[in-house]
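See below for the structure under consideration.
Nothing in this text is a laboratory measurement; each read-out follows from the coordinates by a stated rule. Since this is a predicted model, take the numbers as computed values, not measurements. Because the Cβ atoms are built from the backbone with ideal geometry, glycine has one as well, and the counts that use them run over all protein chains shown.
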Amino acid sequence: MSGLTDPGALLAGMTPRLRPGRYVFATVPDDGRAVPGAVMTLAEDEGTTVVVPAEATDGLDAEYPCGWITLEVRSSLAAVGFLAAVTRALADAGISANPVSGFHHDHLFVPWDRRHEAVAVLERLAAGASSST
C-alpha cells in the first residue's frame, strides 16, 4: 500500500493547491459515452455524475460552480481520519466540500466564490498540525 496513513503526518505534510479553472457537477445518461474534459466520473443508479470545466457544459444539466483543490500529500486510500479533519475544518468555516480520493491524492471541490478562503483554511490546518508534531 502506497502513501501515508497517519492523519497527523498527512495534515502536517499537506499543501493545498488550487487548480486553475472553474468546474461544475453535471449528470449525463449512463449510456457509456465519454464526456470531453471530464475530470471526474462516477456511475450512479440515476445516471453518471461528471465534474467538467464550466465552459464544457454545452447541453448538460450542470450546477455547483466550484474550484478544485488538490491536497498535495501522498495519502493512502486506507488512511483513516484525514479527510474527516479536512472537511471538519472547512465545515467549521461554513464551506461545503465535495471530496474525491484519487490513487495518489485527495481532491476537494469547493464553492467557486469561497475557493481562496478554503485554501487559507487548509493552509492554517496544515500549519497547526506541523507545529504540534
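Helix 82-92 and the longest principal axis of the Cα set of the chain meet at an angle near 80°. Got a sec? Charge dipole of the stretch 7-131, +1 on Cβ for Lys and Arg, -1 for Asp and Glu; which of G59, T87, V73 is way out at the positive end? Checking the options against the dipole of the stretch 7-131, the answer is V73. Counting charges near H116 (Lys, Arg +1; Asp, Glu -1) among other residues having Cβ under 15 Å from its Cβ returns a value of +3.
Note on mean projected area of the Cα convex hull in nm²: of the candidates [x] 8.6; [y] 8.2; [z] 7.4, the value calculated from this structure sits at [x]. Taking 7 Å steps out from each Cα toward its Cβ at L18 and D92 produces label points 2.1 nm apart. For the chain, the longest principal axis of the Cα atoms and the long axis of helix 115-131 meet at an angle of about 30 degrees. The charge dipole of the chain, taken about its Cα centre with unit charges on the Cβ of Lys, Arg, Asp and Glu (plus for the first two, minus for the last two), comes to roughly 640 debye.
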